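Contents: one structure, followed by commentary.
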Amino acid sequence: MNVYDTELISGILEESGFKKTSNIENADAIFLNTCSVREKAEETVFNRLNNLKSLKRKNPGLLFGVLGCMAQSMKNELLESKPFVDIILGPDSYRRIPEIIKERSKTNGSIVDTKLSKFEFYDNLFPSRKEGVNAWIPIMRGCDKFCTFCIVPFTRGRERSRTIESIVKESKKSVEQGFVEITLLGQNVNSYRTSEGNFSELLLDVSNIPGVLRVRYTSPHPADINENLLQVMRDKQNICNHIHLPLQAGSSRILKRMNRTYTKKEFLKLVEIIRTYLPNCALSTDIIVGFPGETEEEFKETLEVVEKVGFDSAFMFKYSPRRGTKASEYTDQIEEPVKQNRLERLIELQKKMSLLANQNHVGKIMDVMVEKESKKSEHQWAGRTDGNIWVVFDKTDENVKDIVKVKIDDTQGVTLFGHRIKLD
Ligand code: SAH
Ligand code: SF4
């Protein structure tokens, strides 16, 4: 979401005559787009601000802006501890950046705008996208789920869905600009709903746009996945066979305390249903360890679910208390060494599961979209399968954006290695 928001902000600034510089020393204004989802993300921003401060000594007219979720959730700390920050804007205030830059150049002191809106979709603005394969298209903003660990509903505000018409228009425009893959984005993509239709209908409409070779979406909430969505995914070839299905925890008691609205049993049942509709569907997940009150036995339930499901990949996190959220007030917080130990054990298990899943692909012929040159060699391409797994293979006569058949020969860690197969 932040990659997209940064493209959007660049688009807004370029539209009003500002130009990007590749050399930070030459910049007249520096904006940091920030994340608050975990403490570590916030620390990164504070460190970055400290490192950038010296640039202001050299160029006193330099403007510093902090944008996004940290602006929303930490404005007071920023104003107090980082007085050299001139502009603080929350996620619903980006439209005003050009105007605020002008305003700031006339006054002293920081300008803060962190009003949240029920209506801001940034419709009719065109993001400045780097050339490439994939265009991120947000379909909804905000979140109303209020998982007890999560700061998103507080920093990004109420859930609101864009119209199908404006999403289809932006997707078509991206295709005209040369993008062939569309990723529909939202904190909760599948709770998308407008008077014109729900998420399945939107997905179908986007997949029907000529020139869209692949459609992905992220992140859905398990509670909002229904059979209708799975039918659409099964019937449309260009909708990728991949679902990011955030588990968060394996114990039903912890899931309840997290307000995730599903139990372990329901999650496992959902995986079964997904696999009946889409037998080859790749599954990835998000997991939090050390949520307040999580016992060793309950953590073991997480390991058990991870082993049972066999996720292709996972993002794994230590619980990080977020101010203002319900879980941060729970009195049974878990100590750091316990969280660390659980995280390491989970990562070790998931590594094994990813390797097992990838070893299953060895010998198979897979459709791979050529995305970029491999980092290791200019003679090799890197591309993704529709299950979102990176494959590296030797170049022949294919080009970026081609979907080609690759026979998988080997796997190391999370990457597959293969060679191009030409079928006439
Ligand atoms: N909307 C998505 C997730 C958005 S946040 C969903 O519901 O799945 C991305 C991930 O960050 C979450 O899935 C969760 O695993 C993790 N996360 C969120 N808040 C966290 C916290 N306080 N501590 C640790 N991890 C957290
Ligand atoms: Fe956060 Fe996702 Fe839960 Fe919304 S659904 S509160 S974004 S974890």
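Do we find that S54 is free of Cβ contacts under 8 Å to residues at least 12 places away in the same chain, open to solvent by less than 80 Å² (accessible area, probe 1.4 Å) and more than 28 Å from S328 (Cα to Cα) in this structure?
Details: free of Cβ contacts under 8 Å to residues at least 12 places away in the same chain: yes; open to solvent by less than 80 Å² (accessible area, probe 1.4 Å): yes; more than 28 Å from S328 (Cα to Cα): yes.
It is true that S54 is free of Cβ contacts under 8 Å to residues at least 12 places away in the same chain, open to solvent by less than 80 Å² (accessible area, probe 1.4 Å) and more than 28 Å from S328 (Cα to Cα).
What about E307, is it surrounded by 18 or more Cβ atoms within 10 Å (Cβ to Cβ) and under 21 Å from I274 (Cβ atoms)? Against the criterion (surrounded by 18 or more Cβ atoms within 10 Å (Cβ to Cβ) and under 21 Å from I274 (Cβ atoms)), E307 does not qualify.
Residue count for the stretch 152-180 under the criterion of being open to solvent by 30 Å² or more (accessible area, probe 1.4 Å) and more than 16 Å from ligand 2 (Cβ to nearest atom): the result is 8.
If you go through the stretch 401-424 and keep only what is assigned to a loop (DSSP other than H, G, I, E, B) and either open to solvent by less than 60 Å² (accessible area, probe 1.4 Å) or over 16 Å from R384 (Cβ atoms) (or both), you end up with D402, G413, K422, L423, D424.
Can you tell me which of R257, R253, R234 is assigned by TED's automatic domain parsing to the domain that holds V289, away from ligand 2 (no atom under 16 Å from the Cβ) and of a type in the set (D, E, K, R)? The conditions single out R253. Residues considered: S195, S219, S174. Of these, the only one that is out of contact with any helix residue (DSSP H, G or I) (no Cβ under 9 Å at 6 or more places or on another chain) and over 22 Å from D402 (Cα atoms) is S195. For the stretch 341-370, which residues satisfy the criterion of being of a type outside the set (K, R), in contact (Cβ under 8 Å) with a residue 24 or more places away in the chain and in a loop (DSSP other than H, G, I, E, B)? Result: H361, V362, G363.
Note on the stretch 72-123: among residues that are in contact with a helix residue (DSSP H, G or I) (Cβ under 7 Å, 6 or more places away or on another chain) and among the small types (G, A, S), the one that is surrounded by the fewest Cβ atoms within 10 Å (Cβ to Cβ) is S110.
To keep it simple, each residue is scored yes or no on (1) of a type in the set (A, V, I, L, M, F, W, C); (2) closer than 23 Å to R96 by Cα.
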{"position": "M1", "(1), (2)": "yes, yes"}
{"position": "K19", "(1), (2)": "no, yes"}
{"position": "I30", "(1), (2)": "yes, yes"}
{"position": "V37", "(1), (2)": "yes, no"}
{"position": "K40", "(1), (2)": "no, no"}
{"position": "N51", "(1), (2)": "no, no"}
{"position": "G65", "(1), (2)": "no, yes"}
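Within 16 Å of ligand 2 (Cβ to nearest atom), within 18 Å of L356 (Cα to Cα), out of contact with any Pro (no Cβ under 7 Å at 6 or more places or on another chain) and of a type in the set (S, T, Y): which single residue out of S313, S320, S284 fits that description? Give the derivation first.
Numbers: S313 fails: within 16 Å of ligand 2 (Cβ to nearest atom); S320 fails: within 18 Å of L356 (Cα to Cα).
So the residue among S313, S320, S284 that is within 16 Å of ligand 2 (Cβ to nearest atom), within 18 Å of L356 (Cα to Cα), out of contact with any Pro (no Cβ under 7 Å at 6 or more places or on another chain) and of a type in the set (S, T, Y) is S284.
Mind checking whether some residue in the stretch 27-39 is assigned to a helix (DSSP H, G or I), aliphatic (A, V, I, L, M) and in contact (Cβ under 8 Å) with a residue 12 or more places away in the chain? Explain how you work it out, then say what you get.
Residues of the stretch 27-39 assigned to a helix (DSSP H, G or I): 39.
Within this subset, residues satisfying the condition of being aliphatic (A, V, I, L, M) are none.
Among the residues of the stretch 27-39, not one is assigned to a helix (DSSP H, G or I), aliphatic (A, V, I, L, M) and in contact (Cβ under 8 Å) with a residue 12 or more places away in the chain, which makes the answer no.
Residues in the stretch 104-151 that are within 16 Å of ligand 2 (Cβ to nearest atom) and part of a loop (DSSP other than H, G, I, E, B): L116, I139, G142, C143, D144, K145, F146, C147, T148, F149, C150, I151.
Quick check: is even one residue across the stretch 313-332 touching a strand residue (DSSP E or B) at 6+ places or on another chain (Cβ under 9 Å) and assigned to a loop (DSSP other than H, G, I, E, B)? Yes, because at least one residue in the stretch 313-332 is touching a strand residue (DSSP E or B) at 6+ places or on another chain (Cβ under 9 Å) and assigned to a loop (DSSP other than H, G, I, E, B).
Does L349 fit the bill of being buried (at least 18 other Cβ atoms within 10 Å of the Cβ) and of a type outside the set (F, W, Y)? So L349 fails the test. Summed over the stretch 324-341, residues that are away from ligand 2 (no atom under 16 Å from the Cβ) and either β-branched (V, I, T) or not assigned by TED's automatic domain parsing to the domain that holds L303 (or both) total 3. Within the stretch 186-210, the residues that satisfy the criterion of being open to solvent by 40 Å² or more (accessible area, probe 1.4 Å) and away from ligand 2 (no atom under 16 Å from the Cβ) are S195, E196, E201, L204, D205, N208, P210.
Right, T183: under 17 Å from the mean Cα position of the chain (by Cα), buried (at least 16 other Cβ atoms within 10 Å of the Cβ) and among the polar types (S, T, N, Q) or not? For T183, the condition - under 17 Å from the mean Cα position of the chain (by Cα), buried (at least 16 other Cβ atoms within 10 Å of the Cβ) and among the polar types (S, T, N, Q) - is met.
Table: residues versus (1) assigned by TED's automatic domain parsing to the domain that holds Y217; (2) over 24 Å from S328 (Cα atoms); (3) within 16 Å of ligand 1 (Cβ to nearest atom).
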site	(1), (2), (3)
D123	no, yes, no
M140	yes, yes, yes
F149	yes, no, yes
F154	yes, no, yes
R160	yes, yes, yes
I164	yes, yes, no
V168	yes, yes, no
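Could you list, in sequence order, the residues of the stretch 258-304 that are in a helix (DSSP H, G or I), aromatic (F, W, Y) and open to solvent by less than 10 Å² (accessible area, probe 1.4 Å)? Explain how you work it out, then say what you get.
Of the residues in the stretch 258-304, the ones in a helix (DSSP H, G or I) are 264-277, 296-304.
Now restrict to residues that are aromatic (F, W, Y): 267, 277, 299.
Once the filter is applied, which keeps residues that are in a helix (DSSP H, G or I), aromatic (F, W, Y) and open to solvent by less than 10 Å² (accessible area, probe 1.4 Å), the stretch 258-304 yields F267, F299.
The values are calculated or read from the model by the stated rules, or taken from the named source; none is laboratory data. Treat the numbers as computed from the prediction; the structure is a model and nothing was measured. With ideal geometry, Cβ positions are generated from the backbone for all residues, glycine too; neighbour counts draw on all protein chains shown. Heavy atoms of the whole protein, side chains included, go into the accessibility calculation; ligands, DNA and RNA do not. Shrake-Rupley method; radii C 1.70, N 1.55, O 1.52, S 1.80 Å.
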